[in-house]
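**Q** Provided herewith is a single structure, encoded as structure tokens, for subsequent inquiry.
The values are calculated or read from the model by the stated rules, or taken from the named source; none is laboratory data. The shown structure was predicted, so the numbers you read here are calculated from the model rather than taken from an experiment. Cβ atoms come from the backbone with ideal geometry, glycine included; neighbour counts cover every protein chain shown. Quick note on the areas: whole protein, heavy atoms, side chains included, nothing else; ligands and nucleic acids left out. Shrake-Rupley method; radii C 1.70, N 1.55, O 1.52, S 1.80 Å.
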Amino acid sequence: MSIASIQSDRLGANPFVVEGPIVSGSGIPGPNFSLGTVAGGDRESEWVYCQLVLASQTTLQPGQWFQWTRDYVASLLTTAAAVVGQRCGVFSGAAQPPTLTGGPVGAITLAPGTYYIWLQRNGQAPALVATATAALVTAETTTTAGQASAPASATATTKAIANVNFAAASQTFTATTVNGSNLLTSLSGLNAGSGPFIGAAVSGTGISGGTTIAGITYSPSGVVQSITLSANATANGTGITITATGVLEATLMRPFLSKVN
């Protein structure tokens, strides 16, 4: 499988662009589409156009889970706020920098205000996951905003997320590390469309605990050239096996909150 990366059937629709903040009288138009507008793309992907009202500064990361009301007002998904019956999906990423030419893109930090975003509800997508096991068929909410879980069996009092499954509990690939550098190069065993993804936790020889993927650079043809880490490597290494967890490839099939576990 590989991650949906384009949106093509509605002129002007772009899932990687966050519109806003929309301020009355500012002259900035918004929303630019009707709430609930659906646009599709490659790999069976579908995005829904929703309103997002933020009361405080918030960072949106590719793979974060959202729910939305029948009026298409979105909010970060948590167990406490989850409403059974509401639709849900993931944020695919924000405006694409020039160095990125394919795959889900970066995080974006937003000031308080009203925004309009495209949330993915169908197709392959990155998904922020706290726990994943070999079962990979049980999805549920967590107490952390925007994060789901994929345990071996349902956790009591969480809300079940129907119609989603995960490709694997983790992803491994090989890379070259340089002591004192935060770049992974000479990458092998990965696919630009299937991850790894920004925000994923990584481990391996010469990688400090708690290190995550902060950025990914692609070639013009979409091949991953290098990965930027949140911390420098502590050793030189060639062909080092790197394991990425926490942001997994998911198959979305118009997920919804189905019940209380």
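**Q** Please compute the net charge surrounding C88, taking Lys and Arg as +1 and Asp and Glu as -1 over other residues with Cβ under 14 Å from its Cβ.
**A** Numbers: positive: R70, R87, R121, K159, R254, K259; negative: E46, E140.
Local net charge: +4.
**Q** Where the accessible area of region 113-261 is counted over protein heavy atoms with a 1.4 Å probe, how much of it, in %, is carbon and sulfur? Before the final figure, lay out each step's value.
**A** On the way: 2920 of 5710 Å².
Looking at region 113-261 in its full context, I get 51 percent from C and S.
**Q** Just to make sure I understand: if all protein chains stay in place, what is the order of S34, S203, S92 by accessible area at 1.4 Å, largest first? List each step's numbers first, then the result.
**A** On the way: S34 85, S203 60, S92 5 Å².
The ranking, largest first, comes out as S34, S203, S92.
**Q** Oh, and also: R0 = 51 Å: FRET efficiency of M253 with A231, Cβ-based, nearest 0.05?
**A** After rounding to 0.05, the efficiency reads 0.90.
**Q** Assuming 0.36 nm per residue, please report the length gained on full extension of the stretch A152 to A169 beyond their Cα-Cα distance.
**A** Full extension of this stretch gives 5.0 nm more.
**Q** Whenever you get a sec, compute what percent of the accessible area on region 16-64 sits on carbon and sulfur atoms (1.4 Å probe).
**A** 49 percent
**Q** Follow-up. Quick check: net charge around R121, other residues with Cβ under 9 Å of its Cβ, Lys/Arg +1 and Asp/Glu -1?
**A** +1
**Q** In addition: Relative contact order, percent, of the chain when contacts are C-alpha pairs under 8 Å separated by at least 6 residues?
**A** 22 percent
**Q** Does region 33-151 come out rounded, prolate or oblate by the C-alpha gyration tensor, with a ≥ b ≥ c the root eigenvalues, rounded set by a/c under 1.5 and, if not, prolate when a/b is larger than b/c and oblate if not?
**A** Since a/c stays below 1.5, the shape of region 33-151 is classed as rounded.
**Q** To the nearest 20 debye, what charge dipole does the chain have about its Cα centre, counting +1 at the Cβ of each Lys and Arg and -1 at the Cβ of each Asp and Glu?
**A** I would put it at about 300 debye.
**Q** Which residue fluctuates the most in the chain, going by a Gaussian network model with Cα springs under 10 Å, if the choices are Q64, Q120, Q51?
**A** Looking only at Q64, Q120, Q51, the largest GNM fluctuation is found for Q51.
**Q** Going 7 Å from the Cα of A80 in the Cα-to-Cβ direction, what parts of region 120-148 have a backbone nitrogen less than 16 Å from that spot?
**A** What the label zone holds, given the 16 Å backbone N cut-off, is 141-147.
**Q** Now a separate question. Can you give the FRET efficiency for N179 and T133, using 1/(1 + (r/R0)^6), R0 = 30 Å, r = Cβ-Cβ distance, to the nearest 0.05?
**A** Here the calculated transfer efficiency is 0.30.
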